[in-house]
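Some notes on the structure that comes next.
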Amino acid sequence: MTDRELIYLALSDAIDWQLSLADACRGCQDGQYEEAMATAKKYRAIMKRRYGTRKTYMELNSEASLAGAKVVSVQDIKR
């Protein structure tokens, strides 16, 4: 793994952590939700500038893995 890839993964992890924190603090009155979302936004801006994308490692991989997936109904799953 190159240093560039390692930094990208670290930023991705930091964004995911901030989004998790924001979810946990949703509805809090102390401003933690807003602060976590603002921090994630700043990290995404750094990623866009350095790597050309705002998407985290997990977002990119989930899109790639779901690219060939088809939608099925619950009834199809039961069969």
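The values are calculated or read from the model by the stated rules, or taken from the named source; none is laboratory data. Here the structure is a predicted model, which means the values were calculated and not measured. Here the Cβ positions follow ideal geometry from the backbone for every residue, glycine too, while neighbour counts run over all protein chains shown.
Count of the range 58-79 residues, restricted to those that are at pLDDT 80 or above and of a type in the set (Ser, Thr, Tyr), is 1. Taking each residue of the range 1-25 that is more than 12 Å from residue 56 (Cα to Cα) and of a type in the set (A, V, I, L, M) and looking for partners that are modelled with pLDDT of 90 or more and assigned to a helix (DSSP H, G or I) with beta-carbon atoms closer than 6 Å, six or more apart or interchain, yields 21/36; 22/33; 22/36; 22/37. For the chain, the helices (runs of 4 or more DSSP H) that sit wholly inside it and include 2 or more residues that are surrounded by 12 or more Cβ atoms within 10 Å (Cβ to Cβ) and acidic (Asp, Glu) are 3-24, 32-51. Note on the range 34-54: residues that are over 11 Å from residue 14 (Cα atoms), hydrophobic (A, V, I, L, M, F, W, C) and without any contact (Cβ under 8 Å) to a residue 24 or more places away in the chain total 3.
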